[in-house]
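Trainee: Take this structure first; my questions come after.
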Amino acid sequence: MSKKRLFAIIVLSATFAATGARADVTHSPLDAANRGVAAQGDADEATIRRLLAQFRTIKIPLSQAVAIAEHLHDGSRTADVSFEISGPAIYRVRTVGNERLWENVIDANTGSVTEKELSSSLRDLDREDLGNIVALKSVEQELSDAVRIAEKAAAGSALAGGLMNQDGKLNFVVVIASGDRLKEVTLEPPRVGKQGSN
């Protein structure tokens with residue numbers, strides 16, 4: 001999932017209704033990329049306020065939604081997850097395993113799977129998504145570990161995250177609700193077989 005797609009999912013959905021990791025917390029509002037138009041910034045701020053208000057009322061944390069989705073398929077790993085409020089509050093979780101990608105919708109209040117699972121072969125993915133999925137195999141850390149670290153670093157609760165290629169580097173990017181703001185936490189995961197520095 002691209003960083004822009006992750007942010008777009010969060011903002012648009014609101015409009016319609018681990019060790020060895022390095023954390024980099026950005027303390028700027030989510031709409032920082034859209035500063036060009038003041039009216040758009042105001043609309044985004046209102047959208048973020050609605051999103052945060054809804055997020056504060058849910059019962060299931062993102063980490064639990066990830067665990068629920070991963071238990072649907074033995075040995076699967078979460079590729080990305082996002083909180084959405086286009087209708088009832090949900091988490092959209094994409095997991096991968098056995099050359100398959102599964103997308104499940106988890107109710108953010110009950111933890112139940114609310115829609116029919118979407119399943120596809122990794123061969124059917126676009127180049128960017130496939131690259132991120134393949135890259136997931138090269139990192140030791142799980143998204144759930146990155147979420148736990150990001151929540152502690154930003155003193156809040158995660159509402160989205162995924163592994164992304166940023167300027168040629170693989171990073172977990174996690175969006176955290178902290179107070180009345182959204183914060184982005186970037187973590188560089190340890191790579192499989194990479195030794196720590198002395």
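The values are calculated or read from the model by the stated rules, or taken from the named source; none is laboratory data. If you're wondering where the values come from, they're calculated on a predicted model, not measured in any experiment. Every residue, glycine among them, receives a Cβ derived from its backbone with ideal geometry; neighbour counts consider all protein chains shown. Surface areas here come from the heavy atoms of the whole protein model, side chains and all, with no ligands, DNA or RNA. Shrake-Rupley method; radii C 1.70, N 1.55, O 1.52, S 1.80 Å.
Trainee: May I ask you to verify whether Asn104 is at pLDDT 95 or above, open to solvent by 10 Å² or more (accessible area, probe 1.4 Å) and either outside any helix (DSSP H, G or I) or within 18 Å of His71 (Cα to Cα) (or both)?
Mentor: Values: at pLDDT 95 or above: yes; open to solvent by 10 Å² or more (accessible area, probe 1.4 Å): no; either outside any helix (DSSP H, G or I) or within 18 Å of His71 (Cα to Cα) (or both): yes.
So Asn104 fails the test.
Trainee: Also, I was wondering about something else. Among the listed residues Ser121, Ser144, identify the single one that is within 16 Å of the chain's Cα centre (by Cα), open to solvent by 10 Å² or more (accessible area, probe 1.4 Å) and small (Gly, Ala, Ser). Spell out the reasoning first.
Mentor: Working: Ser121 fails: within 16 Å of the chain's Cα centre (by Cα).
Going through Ser121, Ser144 in turn, the sole match is Ser144.
Trainee: Please go through the range 74-101 and give me each residue that is within 17 Å of Val134 (Cβ to Cβ) and open to solvent by 20 Å² or more (accessible area, probe 1.4 Å), ordered by number. Write out each step before concluding.
Mentor: Quick first cut of the range 74-101, residues within 17 Å of Val134 (Cβ to Cβ) only: 75-80, 94-101.
Within the range 74-101, Gly75, Arg77, Asn98, Glu99, Arg100 qualify.
Trainee: Taking into account only those residues within the range 38-66 that are at pLDDT 95 or above and in contact with a helix residue (DSSP H, G or I) (Cβ under 7 Å, 6 or more places away or on another chain), which is surrounded by the fewest Cβ atoms within 10 Å (Cβ to Cβ)?
Mentor: My answer is Ser63.
Trainee: What's the number of the condition Arg94 fails, among (1) part of a helix (DSSP H, G or I); (2) closer than 29 Å to Lys59 by Cα?
Mentor: If we test Arg94 against (1) part of a helix (DSSP H, G or I); (2) closer than 29 Å to Lys59 by Cα, just (1) comes out false.
Trainee: Tell me yes or no: at least one residue of the range 169-179 is at pLDDT below 95, open to solvent by 30 Å² or more (accessible area, probe 1.4 Å) and not β-branched (Val, Ile, Thr).
Mentor: Yes, because at least one residue in the range 169-179 is at pLDDT below 95, open to solvent by 30 Å² or more (accessible area, probe 1.4 Å) and not β-branched (Val, Ile, Thr).
Trainee: Conditions: (1) among the acidic types (Asp, Glu); (2) surrounded by fewer than 15 Cβ atoms within 10 Å (Cβ to Cβ); (3) in a strand (DSSP E or B). Glu115 meets all but one. Number of the miss?
Mentor: (3)
Trainee: So, Gly131, is that one surrounded by 13 or more Cβ atoms within 10 Å (Cβ to Cβ), touching a Gly at 6+ places or on another chain (Cβ under 8 Å) and more than 20 Å from Ile176 (Cβ to Cβ) or not?
Mentor: On the way: surrounded by 13 or more Cβ atoms within 10 Å (Cβ to Cβ): yes; touching a Gly at 6+ places or on another chain (Cβ under 8 Å): no; more than 20 Å from Ile176 (Cβ to Cβ): yes.
Against the criterion (surrounded by 13 or more Cβ atoms within 10 Å (Cβ to Cβ), touching a Gly at 6+ places or on another chain (Cβ under 8 Å) and more than 20 Å from Ile176 (Cβ to Cβ)), Gly131 does not qualify.
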